[in-house]
Amino acid sequence: KAGVTQTPRYLIKTRGQQVTLSCSPISGHRSVSWYQQTPGQGLQFLFEYFSETQRNKGNFPGRFSGRQFSNSRSEMNVSTLELGDSALYLCASSSRQGSLNTEAFFGQGTRLTVV
Amino acid sequence: AQSVSQHNHHVILSEAASLELGCNYSYGGTVNLFWYVQYPGQHLQLLLKYFSGDPLVKGIKGFEAEFIKSKFSFNLRKPSVQWSDTAEYFCAVASYNTDKLIFGTGTRLQVFP
């Protein structure tokens, strides 16, 4: 079956703009988590959606938001972009909330560059 | 604070050398433990996982990890590395207390022929 699909793969934005990233999970998976990956910081948890509800949130400012649709596809939005938001944004899907007792499957990520 | 620590940030080895990457976590209660690998230009993929049972788990490509509950550790090992093992390795913990899958900062492994 198809893997996790993230679009777009690359994005260049200027400071102050906003951006929306998209993630299509594996068919049947209801959990979608978002992570920010930067060198030296590893993967920082942003939030998780399960059945259209945000179940968990990391320590990121309110400029970072997301949502999940009834087909489990998820979008992440970052408003008022800052240079420090430049990162690889990863989406992971799993069949259970929090990836408890199951594996998380990752997409290729969206490389966001803020200039 | 609850966290996942990987003490080795960058490891350089020659082919056939043995590998051990450390991972410690600070979560209490029941946890599930994972090692993920990210090869250059590729997406993160699961190397191995521990949910319960035998604390010594075997994964793909000859990797294994041992869960030591008393030490809150889940170290990754491979007796003889290959050039193709060059990648970044992430330890991750899913805690029943927090319902989150949290990653360590990663260890970059470079293997030279």
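Computed quantities for the displayed model
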| quantity | calculated |
| --- | --- |
| Residue list for segment A:38-84, filter: among the β-branched types (Val, Ile, Thr) and closer than 23 Å to A:Gln17 by Cβ | A:Thr38, A:Val78, A:Thr80 |
| Strands (runs of 3 or more DSSP E) (entirely within segment B:37-113) containing at least 2 residues that are open to solvent by 60 Å² or more (accessible area, probe 1.4 Å) | B:56-58, B:107-112 |
| Scope segment B:71-92; condition within 15 Å of B:Lys49 (Cβ to Cβ), more than 10 Å from chain A (Cβ to nearest Cβ) and of a type in the set (A, V, I, L, M, F, W, C); matching residues | B:Phe74, B:Leu76 |
| Hits in segment A:78-104 - residues which are in a strand (DSSP E or B) and under 14 Å from B:Ala92 (Cβ atoms) | A:Leu90, A:Ala92, A:Ser94 |
| Failed criterion for A:Gly66 (all others in (1) farther than 24 Å from B:Phe34 by Cα; (2) without any contact (Cβ under 8 Å) to a residue 24 or more places away in the chain; (3) crowded, with 17+ Cβ neighbours inside 10 Å; (4) not aromatic (Phe, Trp, Tyr) hold) | (2) |
| Candidate set from segment A:5-37 (those that are touching a helix residue (DSSP H, G or I) at 6+ places or on another chain (Cβ under 9 Å) and polar (S, T, N, Q)); member that is surrounded by the fewest Cβ atoms within 10 Å (Cβ to Cβ) | A:Gln36 |
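The values are calculated or read from the model by the stated rules, or taken from the named source; none is laboratory data. The shown structure was predicted, so the numbers you read here are calculated from the model rather than taken from an experiment. Counting neighbours? That spans all protein chains shown, and the Cβs are built from the backbone with ideal geometry, glycine included. Protein only, heavy atoms only, side chains kept; ligands, DNA and RNA dropped before computing areas. Shrake-Rupley method; radii C 1.70, N 1.55, O 1.52, S 1.80 Å.
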